[in-house]
Amino acid sequence: MKIELREISFAYRHGRPVLDHATAAPLENSISILAGVNGCGKSTLLKTAAGILRPDSGNILLDGVPLKQIHPRELARNLAYLPQNPPVPESFTVEELLSCARYPHQSSGAVNREIISGSMETLGITALAQRQLSQLSGGEKQRVFLSFILARQAKVWLLDEPFSALDPAAFRELFDLLIKAKQQHSITVVIVLHDINRALTYGERIIGMKNGKISFDLPTDSAIAQIRQLYDLPDSALQCKPVFL
C-alpha cells in the first residue's frame, strides 16, 4: 500500500506553522527514515499522516485516496501508528492489549488468537502474555507495542522512535524483524530515528526535515552528504554501510 504526502501544512496555534508545505514522493514497500533535529516537525508529520491531526492544508493519500475520505475502521485496518509513549492502561495484560489490535478486522476469535499468538512468538514475548504492562521493562514494552502493530496486520506502519529503550543487540534483532516483515508482507514503514548512524545503516530512504519542510528525500546511499549538512556534522562522520546495499 502506498502513502503520499502533498503540501502538508499544520500549526498548533496561529503563527509559525510546525509543518510548512511538507511534500514527499509516494512511499511504498519501503523503510523510510524521518530525520532532522529536535523540533523540526517529524512527530507532527507522523501524526498528520496517521490522521490524528488534521492538516490546515494539503492532503495525505493512501493508494490515491485522501485520508479524510476513508472510513475510520478501514483506515485502522490499513494504517498503524505507534507514538513514542502509547497511552495504554498499565493494568492491561499483554494479551489483552494485543486483542485490541484485532478490533478493526472483526475476525473470528480463533483467527484473532492465532494471529496474536504468532505476533507474540515473532517478537519473543510469548512468556509475557499474562503479565501486566506495569510489570514490564521499557525494552519489553517496546517489543509488546511492535507485536501490537504486527497483530494489526496493517500495510502502512508509522513509528515514532520505537526502539529508544533497546540496547544495540536488541535494536538490531528487532530491526531485522521489521525488515523481514516488510519483505514478506509488502509493508510500507515510515520511522523516526534520532540515531543517524542507525538510520543510515537500516533505512532504504532518508527523508530529511528542517523547519517544518522536507528538505530532501533520497535513497540512503545518496543521502550522507545531505545528512551531514542537516545536522552540521564534519565530513569524517557517518561512514555507515546501509544493510540494503
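Values as computed for the structure displayed
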quantity	calculated
Hits in region 45-65 (condition: under 17 Å from His21 (Cα atoms) and over 14 Å from the mean Cα position of the chain (by Cα))	Leu53, Arg54, Pro55, Asp56, Ser57, Gly58, Asn59, Ile60, Leu61
Residues within region 161-193 that are closer than 18 Å to Leu34 by Cα and either of a type in the set (D, E, K, R) or in contact (Cβ under 8 Å) with a residue 60 or more places away in the chain (or both), tallied	13
Scan of region 114-131 for residues that are crowded, with 17+ Cβ neighbours inside 10 Å and in a helix (DSSP H, G or I), ordered by number	Ile115, Ile116, Ser119, Met120, Thr122, Leu123, Leu128
Enumerated helices (runs of 4 or more DSSP H) restricted to region 1-113, each holding at least 1 residues that are buried (at least 22 other Cβ atoms within 10 Å of the Cβ) and touching a residue at least 12 places away in the same chain (Cβ under 8 Å)	42-49, 94-101
Thr93 among the β-branched types (Val, Ile, Thr) and modelled with pLDDT of 95 or more	yes
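The values are calculated or read from the model by the stated rules, or taken from the named source; none is laboratory data. This one's a predicted model, so the numbers in the text were calculated from it and none came from an experiment. All Cβ positions, even for glycine, are placed from backbone atoms using ideal geometry, and neighbour counts span all protein chains on display.
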